[in-house]
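The values are calculated or read from the model by the stated rules, or taken from the named source; none is laboratory data. Just so we're clear, the structure is a prediction, and the values are computed from it rather than from any experiment. All Cβ positions, glycine included, derive from the backbone under ideal geometry; neighbour counts span all protein chains shown. Remember, those area values only see protein heavy atoms, side chains included, never the ligands or the DNA or RNA. Shrake-Rupley method; radii C 1.70, N 1.55, O 1.52, S 1.80 Å.
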Amino acid sequence: MLTRNRDIEHWDAEDVDAWEAGGKNIARRNLIWSVFAEHVGFSVWSIWSVMVLFMPTAVFHIDTAGKFFLGAVPTLVGGIMRIPYTVATAKFGGRNWTIVSALALLAPVLLTLYFINKPGTSYTTFLVIAAFAGLGGGNFSSSMSNINVFYPQRLKGWALGMNAGGGNIGVPVIQVVGLVVIATLGSAYGNASAVCLVYLALIVVAALGAALNMDNVKNQKADLSYMLKALRVPQSWAIAFLYVGTFGSFIGYSFAFGQVLQISFKAGGATAAAAALHAAQIAFVGPLLGSLARPYGGKWADRVGGSKVTLYTFVAMTAAAAVVAVASTMGDSTGSPKGGVLVALIIGFTALFVISGFGNGAVTKLIPSVFEAKSRSLPGDSATRAAWAQNSSGALIGFVGAIGALGGVGINLVLRSSYASTQSATTAFWVFMAFYVLCGAVCWMVFMRRPSLPALAPTDTGVVVEAEALVLEAEAAETDSSSTASARA
């Protein structure tokens, strides 16, 4: 029952009658404001992908490799913060934590606003400020864990995809804000203040909206003990690895794409100001399309199955990465990518964004499917098993999100190393392509290959289950949920 203090004492998303009687409206209201708050968090998390466009090397004395590292630091911190943020909604309430986590974003934005106008600031200080921006990355896990509670199994792929996709759009939106500022005011470092002021206002709106419209679910339990139990399931590690390939690619490229473009335009003869403008005009397109694709990846996974969609994703990402690597190789032979080669590079990068965004939704769908399948082997009634699956799924979402974000760190570090050693990103692009081949192989082996007779192993509850048979159970769970979704569509 929803009380005046915005607490829901008991929430059962699988109760169809309660869902149709008004539960879906409560879930939708919480989803809307969860998306908005997470959206602002993603923008703040990626604020340094925009700030570096206002930081010419001659003024700030930070080279290309140093700027890539500035992008890696908030990605790393954001990934680490996702683990404690996962359990925060259960401990403090989804509404309460959304308010607190939104207001916490004031710190990195105010620090950025102050120090971006101090070009004599040390590089170490900028690294510390960038680390504070990582707070925005933690919002993803608390938001996803919270929304996982509000929606039934048959709609989780769509709901989690919509929640994550709406949050991801925060990356291209702040880049569009940066583009507008550069196009109207110029790329001088002082004009970066306008970007910060916009987000100070949006942070206040997010906190106020959460306070007025969101709810706390009192029977939500996603503590660290559930996370430890979830990590004892071998498929959990495979999911985390696949999420590195999808979300890690999305966030890593989001931080790096603008810099890659700016370097390419400067190598082609553009002035620093013109290169910044041209990069800003293009850089937001990939993250925007990737964010919009994410809910559709979840929706397709609801119908077809997360494992199949994930495998298709990595096949397509391998092809797109090959296009980028070949185009970059051709650009190296002429000094810089120009004309058709530059167009191919941009198209390949954009495809990587779209496909990785689509794959994010599919991989996320695997999480509740695996735990719903595993719960069938546990003792107790259906309500007990459903609660275990829900709590374990919510806990694992945070861990998977944290590991996935580290993929973004890897992309920036590999690019940094590639530029530092060869003055080109070509080597990095070939490395990325090989990694996607590996991801596809892992997906097939763990979630699609028909296992032979498996060894029996005791689980943490003492129940003996066939470990590899869980793969087949997960497929069955996905099929069941796909059939239900199709029947209701």
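Condition first: out of contact with any helix residue (DSSP H, G or I) (no Cβ under 7 Å at 6 or more places or on another chain), touching a residue at least 40 places away in the same chain (Cβ under 8 Å) and open to solvent by 30 Å² or more (accessible area, probe 1.4 Å). Now tell me which residues in segment 232-261 satisfy that.
ARG232, PRO234
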Q | Test set (1) touching a residue at least 40 places away in the same chain (Cβ under 8 Å); (2) among the charged types (D, E, K, R); (3) more than 24 Å from GLY407 (Cβ to Cβ); (4) surrounded by 16 or more Cβ atoms within 10 Å (Cβ to Cβ) - ARG29 fails condition number | A | (4)
Q | Test: residue in segment 40-51 that is buried (at least 16 other Cβ atoms within 10 Å of the Cβ), free of Cβ contacts under 8 Å to residues at least 60 places away in the same chain and either of a type in the set (Phe, Trp, Tyr) or part of a helix (DSSP H, G or I) (or both) | A | no
Q: Taking ALA88 as the residue in question, decide whether it is part of a helix (DSSP H, G or I), touching a Phe, Trp or Tyr at 6+ places or on another chain (Cβ under 6 Å), of a type outside the set (Phe, Trp, Tyr) and open to solvent by 10 Å² or more (accessible area, probe 1.4 Å).
A: no
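One line per residue, one yes/no per condition, for (1) farther than 30 Å from ILE147 by Cα; (2) within 20 Å of the chain's Cα centre (by Cα):
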| residue | (1), (2) |
| --- | --- |
| ALA319 | yes, no |
| ALA351 | no, yes |
| ASN360 | no, yes |
| ALA373 | no, no |
| PRO379 | no, no |
Q) Mind checking whether some residue in segment 349-361 is polar (S, T, N, Q) and surrounded by 24 or more Cβ atoms within 10 Å (Cβ to Cβ)? A) yes
Q) Within segment 257-277, can you find the residues that are within 26 Å of the chain's Cα centre (by Cα) and under 16 Å from ILE182 (Cβ atoms)? A) PHE257, GLY258, GLN259, LEU261, GLN262, ALA276
Q. Out of (1) open to solvent by less than 50 Å² (accessible area, probe 1.4 Å); (2) modelled with pLDDT of 85 or more; (3) of a type in the set (Val, Ile, Thr); (4) closer than 26 Å to VAL176 by Cβ, the odd one out for THR364 is which?
A. (2)
Q: Tell me, yes or no, whether segment 157-167 has at least one residue that is open to solvent by less than 30 Å² (accessible area, probe 1.4 Å) and of a type outside the set (Gly, Ala, Ser).
A: yes
Q) Quick one: how many residues across segment 67-77 are open to solvent by less than 10 Å² (accessible area, probe 1.4 Å) and at pLDDT below 90? A) 5
Q: Can you run down the residue pairs with Cβ atoms below 8 Å, 6 or more apart or on separate chains, where the first is in segment 329-355 and more than 15 Å from ILE282 (Cα to Cα) and free of Cβ contacts under 8 Å to residues at least 60 places away in the same chain and the partner is part of a helix (DSSP H, G or I) and open to solvent by 60 Å² or more (accessible area, probe 1.4 Å)?
A: VAL341/MET330; VAL341/THR334
Q. Quick check: is even one residue across segment 258-281 in a helix (DSSP H, G or I), hydroxyl-bearing (Ser, Thr, Tyr) and within 25 Å of THR98 (Cβ to Cβ)?
A. no
**Q.** Unique match (being open to solvent by 30 Å² or more (accessible area, probe 1.4 Å) and at pLDDT 95 or above) among ALA102, ALA107
**A.** ALA107
Q. Looking at SER393, SER336, SER375, which is the one that is touching a helix residue (DSSP H, G or I) at 6+ places or on another chain (Cβ under 6 Å), at pLDDT below 80, surrounded by fewer than 23 Cβ atoms within 10 Å (Cβ to Cβ) and under 30 Å from ASP15 (Cα atoms)?
A. SER375
Q: Report the residue count in segment 5-21 for those that are of a type outside the set (D, E, K, R), surrounded by fewer than 15 Cβ atoms within 10 Å (Cβ to Cβ) and not in a helix (DSSP H, G or I).
A: 2
**Q.** Residues of segment 129-156 classified as closer than 18 Å to ALA104 by Cβ, buried (at least 22 other Cβ atoms within 10 Å of the Cβ) and not aromatic (Phe, Trp, Tyr), total
**A.** 15
